[in-house]
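**Student:** Would you mind keeping the following structure in view while I ask a few things?
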Amino acid sequence: MLLAMLLLFVFCCPIRTEAAVTGDSYKAVWYSYYDFQNYLKQTKKNNATNFRKYFDKVLDQCLSRNLNRIIVQVRPCSDAMYQSEYFPTSAYIARKQGAKLSYDPLKIMVTEAHKKGMAIEAWINPYRVSFNTNYKKLAKNNPARIWHYSSSASDRRNVLSYGGQLYYNPSKPEVRTLIINGVREIVRNYDVDGIHMDDYFYPSFSPRNYKKSFDAQEYNASVEKQHGKSIKTYRRQQVDLLVKGIKAAVKEENPDVVFGISPAGNIDNLNSKYSYYVNIKKWTNSTEYVDYIAPQVYWGFNHKTAPFAKVVDRWAAMVDQSKVKLYIGLPAYKVGHPSLGSNSAERKELKSTTILKKMVNYVQNKADGVIVFDYSDLKTTAAKKMGTALKKIVVFGK
């Protein structure tokens, strides 16, 4: 009797192993907030049954391209594609920010991904609050709106307006606490395989305003300025504090969950004193910040100033002796759109149906995997040929 019960358990309840979920190599795709919008356009009734059916098809499309991991954008702004005590429901899944859903999208996505043997990561945009500056368009329980209408001047500084958008202030400890608590919530409540952060850190400034705008007020009052540190160094420190705090929180909740960041692909731009304010070299020479780095190398081999091979080689050299994994972001969204090329040579290669395959093969011995942007571009012939190349690669490796 006992043997029969054990056999029933084994056959009815398959054990989820790391190998079964992730496969032999990291072959991922980004699934962005506008992919969620496409679901809303297709469905009349936004319920659990329809969302599950839709997402099953998403996963099948990924598997048909020999991808084994999906990175779903669960917090594109100060919102959530899941049930959160910190952030309101996202308008990109509920049609209106803060509206109630009858189901939990992230719970369904995690369950269905694991059923099909795919790993799944939760992708957050930490600082962006909205694409406009109208606080009244935010849900009443949005922390950004609450802080903005606070009687405390310090609280009001937690959210900043710049360039027609709203951002959380990277210099404020309360902001870091909010973002880190939001990450803890995801790892604690959902069986995700990773937390992923994209490249929207500080907005871009100009030589004229970078010392005066945004969080310059906090810098001018800081100990760092008193000690002679530049605003560039100060801003990098603010991002470092957040990144280090997120990784610590992830590992405290579940050591098996990975944390990675996808920065812009051009290392020179990342070193600018006018934008991003990230310390990539520091992150890749330490185990305290990220488990992996995934630069967005969104240029062809014939790009005028940032050719694909040269950029990949620079990243590979940076992490050569590092414990941090390197995954290369591939520009599937550009293929078939020659107008996005920088010169005639790149425009020509963007017309090619073999460009993604060529990129995959080039990366194979230089990085630990790839991430394709974006899911909506997997239907192309170029993506199909890329999938054939991925099938042949059992293990990426430098």
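**Student:** Could you identify the single residue in Val175, Val110, Val159 that is among the aliphatic types (A, V, I, L, M), open to solvent by less than 20 Å² (accessible area, probe 1.4 Å) and within 30 Å of Asn46 (Cα to Cα)?
**Tutor:** Details: Val175 fails: within 30 Å of Asn46 (Cα to Cα); Val159 fails: within 30 Å of Asn46 (Cα to Cα).
None of the others qualify; the one that does is Val110.
**Student:** Yes or no: Tyr362 surrounded by fewer than 20 Cβ atoms within 10 Å (Cβ to Cβ), of a type in the set (Phe, Trp, Tyr) and within 22 Å of the chain's Cα centre (by Cα)?
**Tutor:** Working: surrounded by fewer than 20 Cβ atoms within 10 Å (Cβ to Cβ): yes; of a type in the set (Phe, Trp, Tyr): yes; within 22 Å of the chain's Cα centre (by Cα): no.
Considered against the rule, which asks whether it is surrounded by fewer than 20 Cβ atoms within 10 Å (Cβ to Cβ), of a type in the set (Phe, Trp, Tyr) and within 22 Å of the chain's Cα centre (by Cα), Tyr362 comes out as no.
Quick grid of which residues meet (1) at pLDDT 95 or above; (2) within 15 Å of the chain's Cα centre (by Cα); (3) among the polar types (S, T, N, Q); (4) under 22 Å from Ala28 (Cα atoms):
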{"residue": "Ile179", "(1), (2), (3), (4)": "yes, yes, no, no"}
{"residue": "Ile186", "(1), (2), (3), (4)": "yes, yes, no, yes"}
{"residue": "Ile195", "(1), (2), (3), (4)": "yes, yes, no, yes"}
{"residue": "Asp215", "(1), (2), (3), (4)": "yes, no, no, no"}
{"residue": "Gly228", "(1), (2), (3), (4)": "yes, no, no, no"}
{"residue": "Gln238", "(1), (2), (3), (4)": "yes, no, yes, no"}
{"residue": "Leu241", "(1), (2), (3), (4)": "yes, no, no, no"}
{"residue": "Pro255", "(1), (2), (3), (4)": "yes, no, no, yes"}
{"residue": "Gly260", "(1), (2), (3), (4)": "yes, yes, no, yes"}
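**Student:** In the range 52-79, what residues are of a type in the set (A, V, I, L, M) and free of Cβ contacts under 8 Å to residues at least 60 places away in the same chain?
**Tutor:** Matches in the range 52-79: Leu59, Leu63, Val72.
**Student:** Looking at this structure, is Tyr103 under 19 Å from the mean Cα position of the chain (by Cα), over 27 Å from Lys244 (Cβ atoms) and modelled with pLDDT of 95 or more?
**Tutor:** Numbers: under 19 Å from the mean Cα position of the chain (by Cα): no; over 27 Å from Lys244 (Cβ atoms): yes; modelled with pLDDT of 95 or more: yes.
It is false that Tyr103 is under 19 Å from the mean Cα position of the chain (by Cα), over 27 Å from Lys244 (Cβ atoms) and modelled with pLDDT of 95 or more.
**Student:** Next up: Regarding the range 246-253, can at least one residue be identified that is part of a helix (DSSP H, G or I), β-branched (Val, Ile, Thr), within 26 Å of Tyr274 (Cα to Cα) and open to solvent by less than 50 Å² (accessible area, probe 1.4 Å)?
**Tutor:** Narrowing the range 246-253 to residues part of a helix (DSSP H, G or I): 246-253.
Restricting the remaining residues to those that are β-branched (Val, Ile, Thr) gives 246, 250.
Pick out the ones that are also within 26 Å of Tyr274 (Cα to Cα) and you get 246.
Narrowing the set further to residues that are open to solvent by less than 50 Å² (accessible area, probe 1.4 Å) leaves 246.
So far as the range 246-253 goes, yes, one or more of its residues are part of a helix (DSSP H, G or I), β-branched (Val, Ile, Thr), within 26 Å of Tyr274 (Cα to Cα) and open to solvent by less than 50 Å² (accessible area, probe 1.4 Å).
**Student:** Considering only the range 314-326, state which residues are open to solvent by less than 60 Å² (accessible area, probe 1.4 Å) and either modelled with pLDDT of 95 or more or of a type in the set (D, E, K, R) (or both). Step through it out loud before you land on a result.
**Tutor:** As a first pass, look at the range 314-326 and keep what is open to solvent by less than 60 Å² (accessible area, probe 1.4 Å): 315-316, 318-319, 322, 324, 326.
Of everything in the range 314-326, those that are open to solvent by less than 60 Å² (accessible area, probe 1.4 Å) and either modelled with pLDDT of 95 or more or of a type in the set (D, E, K, R) (or both) turn out to be Trp315, Ala316, Val324, Leu326.
**Student:** How many of the residues making up the range 129-151 are buried (at least 20 other Cβ atoms within 10 Å of the Cβ) and either at pLDDT below 95 or of a type in the set (D, E, K, R) (or both)?
**Tutor:** 1
**Student:** A follow-up question, please. Just for the range 327-359: of the residues that are touching a Pro at 6+ places or on another chain (Cβ under 8 Å) and of a type in the set (A, V, I, L, M), which one is surrounded by the fewest Cβ atoms within 10 Å (Cβ to Cβ)?
**Tutor:** Leu350
**Student:** Can you report the number of residues in the range 377-395 which are open to solvent by 10 Å² or more (accessible area, probe 1.4 Å) and not in a helix (DSSP H, G or I)?
**Tutor:** So the first thing to find is which residues in the range 377-395 are open to solvent by 10 Å² or more (accessible area, probe 1.4 Å), and the list is 377, 379-381, 384-385, 388, 391-392, 394-395.
Subsequent filtering for residues that are not in a helix (DSSP H, G or I) retains 379-380, 394-395.
Total satisfying the criteria: 4.
**Student:** Suppose we filter the range 362-376 for residues that are closer than 25 Å to Gln37 by Cβ and either free of Cβ contacts under 8 Å to residues at least 40 places away in the same chain or part of a helix (DSSP H, G or I) (or both); how many remain?
**Tutor:** 2
**Student:** Right, another one. So, of the residues in the range 268-307 that are assigned to a helix (DSSP H, G or I) and touching a helix residue (DSSP H, G or I) at 6+ places or on another chain (Cβ under 6 Å), which turns out to be surrounded by the fewest Cβ atoms within 10 Å (Cβ to Cβ)?
**Tutor:** Going through the range 268-307, the residues assigned to a helix (DSSP H, G or I) turn out to be 268-270, 280-284.
Add one more test, that the residue is touching a helix residue (DSSP H, G or I) at 6+ places or on another chain (Cβ under 6 Å), and what stays is 270, 280, 284.
Values: Leu270: 19, Ile280: 22, Thr284: 21.
Looking at the filtered set, the residue picked out is Leu270.
**Student:** Would you confirm, using the coordinates I've provided, whether Asp320 is within 18 Å of the chain's Cα centre (by Cα) and acidic (Asp, Glu)? First the steps, then the outcome.
**Tutor:** On the way: within 18 Å of the chain's Cα centre (by Cα): no; acidic (Asp, Glu): yes.
No; evaluated as a whole, the condition is false for this residue.
The values are calculated or read from the model by the stated rules, or taken from the named source; none is laboratory data. Note that the coordinates shown come from a computational prediction; the quantities given were computed from them, not determined experimentally. Positions of Cβ are backbone-derived with ideal geometry, glycine not excepted, and every protein chain shown enters the neighbour counts. Surface areas here come from the heavy atoms of the whole protein model, side chains and all, with no ligands, DNA or RNA. Shrake-Rupley method; radii C 1.70, N 1.55, O 1.52, S 1.80 Å.
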